[in-house]
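Right, one structure below, let's go through it.
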Amino acid sequence: MVPRREPLDRERIVMAAVALADESGAEGVTMRAVARRVGVEAMSLYHHVRGREAMLDGMVDVVFAEIVLPEPTADWRDAMRARAVSAREALRRHPWAVGLMDSRRQPGPATLQHHDAVLGLLRAGGFSVAGAVHAFSAVDSYVYGFVLQEVSLPFSTPDELETVADEITAQMPVGLYPHLAEVMEEQVRGGTYAYADEFAIGLDLILGALEPDAW
């Protein structure tokens, strides 16, 4: 008996593309590569997606769907903090998405719902239309920038960080970079420093500086 093939639809194609991007980056997502992943010819995909750009639209929408939506009646700082934490977690799962999140000219429903919910939260919190846009932009710029730097670091554990610090220190002329040496000695050695801890600190600084009546 021939096994029944799973039906091909847009959702299956997009999820296959997301899995492929998680493995090899967005540049590895082509119509041919996705077709191989789902076991069909590339031309079969065009019955469900218009092309690679439409597939990227769907992939970005998947990532936005993973981010916690804020409740409009919640305290705006608490909700923006929870949303930022959720966004970082989603982008850590899908680092290829960092440069694509707000690049789509045909955003999907999850993307639109997400943006509308964040703006609604800020408007309910007393921000003007312009102020809500400013606050939204400031927080997202921080989240995206932090994740971009986080996934680019040449270490992922305290032990690896200490090894990198030792390698850098060995190349530094003694006394030439005293402040950098101080950080290496007091923050890095001993394995207690974690770059990930900086996220909450920076986020609190930004949220603490935002005020509804600033604009």
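The values are calculated or read from the model by the stated rules, or taken from the named source; none is laboratory data. Keep in mind the model is a prediction, meaning the values are calculated, not measured. So basically every Cβ, Gly included, is an ideal-geometry build from the backbone, and we count neighbours across all protein chains shown.
Out of the residues in the stretch 101-126 meeting the condition of being over 18 Å from the mean Cα position of the chain (by Cα) and charged (D, E, K, R), tell me which one is farthest from GLU211 (Cα to Cα).
That would be ARG105.
From the set of residues in the stretch 156-184 that are touching a residue at least 24 places away in the same chain (Cβ under 8 Å) and surrounded by 14 or more Cβ atoms within 10 Å (Cβ to Cβ), which is farthest from ARG93 (Cα to Cα)?
ALA165
Sort out which residues of the stretch 131-154 are without any contact (Cβ under 8 Å) to a residue 24 or more places away in the chain and outside any helix (DSSP H, G or I), and write them in order of number.
Within the stretch 131-154, just PRO154 meets the criteria.
Kindly list, by first and then second residue, each pair from a residue in the stretch 190-215 that is on the phi < 0 side of the Ramachandran plot and surrounded by 11 or more Cβ atoms within 10 Å (Cβ to Cβ) to a residue that is among the β-branched types (Val, Ile, Thr) and at pLDDT 95 or above, limited to pairs with Cβ atoms under 7 Å and residues at least 6 apart or on different chains.
ILE206/VAL139
From LEU205, LEU176, which residue is out of contact with any helix residue (DSSP H, G or I) (no Cβ under 7 Å at 6 or more places or on another chain) and in the same structural domain as ARG81 (by TED's automatic domain parsing)? Break it down into steps so the answer makes sense when it comes.
Details: LEU176 fails: in the same structural domain as ARG81 (by TED's automatic domain parsing).
Sole residue among the options that is out of contact with any helix residue (DSSP H, G or I) (no Cβ under 7 Å at 6 or more places or on another chain) and in the same structural domain as ARG81 (by TED's automatic domain parsing): LEU205.
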